[in-house]
Amino acid sequence: MTTTAVTENGAALALDRVSRAYGGGAPALDGVDLVVPRGRFLAVMGRSGSGKSTLLRCAAGLERPTAGRVRIGGTDLATLRTTGLTRLRRDRIGFVFQSLNLVSALNVRENVTLPLLLAGARESRALDARALAGLDAVGLADRAEDRPESLSGGQRQRVAIARALVNEPEVVFADEPTAALDPVTAAGVLALLRRAVDERGRTVVLVTHDPTAATWADEAVFLDRGRIAGRLDRPDEARVRAVLGGLGTAGVRAALGGLGEAGRQPAVAR
Ligand SMILES: Nc1ncnc2c1ncn2[C@@H]1O[C@H](COP(=O)(O)OP(=O)(O)OP(=O)(O)O)[C@@H](O)[C@H]1O
């Protein structure tokens with residue numbers, strides 16, 4: 001995907017000067033502007049404590065920013081009360097977290113069906129068919145009746161992806177979904193997110209420390225002390241490592257400056 005200046009209109013996700021402070025210290029997020037067009041895979045990177053998870057929680061409506069505006073598909077989250085926000089998360093967002101575990105009392109198929117049931121769907125045969133199609137897409141149709149505990153970590157994350165996609169969400173938020181996986185298994189999980197973007201037009205926001213994981217994205221943004229310090233279009237591992245290594249120093253400019261237009265122009269910008 002080429003670098004484009006994108007307006008907020010029609011974006012899957014738009015953050016407008018979003019800040020989040022906890023107590024009296026430096027803000028965890030400090031005036032972040034970000035627009036993610038539909039059908040884009042975005043990686044959010046940065047050192048530990050740079051604000052990645054805070055950004056994701058604010059963007060996904062799990063936490064309210066202290067300033068600024070978040071919009072999902074044009075809906076301003078600030079206009080929603082708690083129940084409206086819960087409904088939006090349930091109906092329009094998919095989550096894949098490292099620690100957001102599957103419900104152990106339910107089998108794999110039931111876990112994948114859960115978002116549909118919570119959204120009020122009733123026709124159980126149709127739901128099962130959707131869950132099985134989702135499990136088939138992640139290569140786990142044959143494990144549908146098994147308990148999550150009997151699956152490996154990578155298989156569980158694949159179930160989590162099937163569950164996150166089952167209600168065709170506008171945005172999928174993934175927070176370090178591959179952190180506990182070996183590189184080959186991690187690649188399999190990231191390939192599924194990539195396919196959701198390429199084949200189903202989903203929008204994915206992935207928080208990761210891992211430069212290899214970021215190469216699956218169309219674009220990487222780098223946070224430093226709650227601010228966006230840089231962006232890379234079509235990130236490759238060497239450039240990602242160079243930017244990460246330079247964060248907080250003039251080196252980040254050097255790392256981006258040698259990259260031509262793709263490095264200089266905001267790839268997700270207003
Ligand atoms: N609930 C909270 N209460 C107080 N401070 C918080 C809270 N959540 C985050 N912070 C602080 O905000 C800053 C950013 O944290 P955040 O978890 O967003 O960073 P991160 O980049 O995701 O880090 P990591 O890569 O280590 O997960 C940190 O200084 C952290 O201590």
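Values in this text are rule-based calculations from the coordinates and carry no lab data. Source: prediction; values computed, not measured. FYI the Cβ positions are ideal-geometry reconstructions off the backbone, even for glycines, and counts take in every protein chain you see.
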Item to check | Spin-label model distance (nm) - residue 75 vs residue 105, 7 Å beyond Cα toward Cβ | outcome: 2.7 nm
Next on the checklist: Using only the alpha-carbon atoms, how far is helix 124-137 inclined from the longest principal axis of the chain? Give it as 0 to 90 degrees, nearest 10.
Outcome noted: 50 degrees
Next on the checklist: Over the chain, with a Gaussian network built from C-alpha contacts below 10 Å, which listed residue (66, 185, 79) shows the highest mean-square fluctuation?
Outcome noted: 79
Checklist entry - Can you pull the Kirkwood radius for segment 151-246, inverse mean 1/r over Cα pairs, to one decimal in Å? => result 14.0 Å
Checklist outcome for this item: Taking max minus min of the Cα coordinates of segment 1-149 on each principal axis, largest first, gives extents in Å of 47, 34, 32
Checklist entry - Using a Gaussian network for the chain with springs between C-alpha atoms less than 10 Å apart, which of these wobbles most: 145, 176, 123? => result 123
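Which value in Å is the Kirkwood Rh of the chain over different Cα pairs?
Taking every pair of different Cα atoms in the chain, averaging 1/r and inverting gives 18.9 Å.
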Item to check | Additional length obtainable on full extension of the chain from residue 126 to residue 237, 0.36 nm per residue less Cα span | outcome: 35.7 nm
Checklist entry - Which value in Å is the Kirkwood Rh of segment 23-74 over different Cα pairs? => result 12.3 Å
Item to check | Residues whose placed amide H lies under 5 Å from that of residue 207, excluding near-sequence neighbours | outcome: 44, 174, 175, 176
Item to check | Contour minus Cα-Cα distance for residue 150 and residue 87 (0.36 nm per residue) | outcome: 19.6 nm
Next on the checklist: Please report the antiparallel percentage of the DSSP beta bridges confined to segment 11-256, to the nearest 5.
Outcome noted: 50 percent
Checklist entry - How high is the FRET efficiency between residue 64 and residue 26 when r is their beta carbon distance and R₀ equals 22 Å, given to the nearest 0.05? => result 0.70
Checklist entry - If you take the alpha carbon radius of gyration of segment 58-106 and divide it by 2.2 N^0.38 Å, what ratio comes out, to two decimals? => result 1.30
Next on the checklist: For residue 198, project a label point 7 Å along Cα to C-beta. Then give me every residue of segment 205-221 with its amide nitrogen under 20 Å of that point.
Outcome noted: 205-207, 211-220
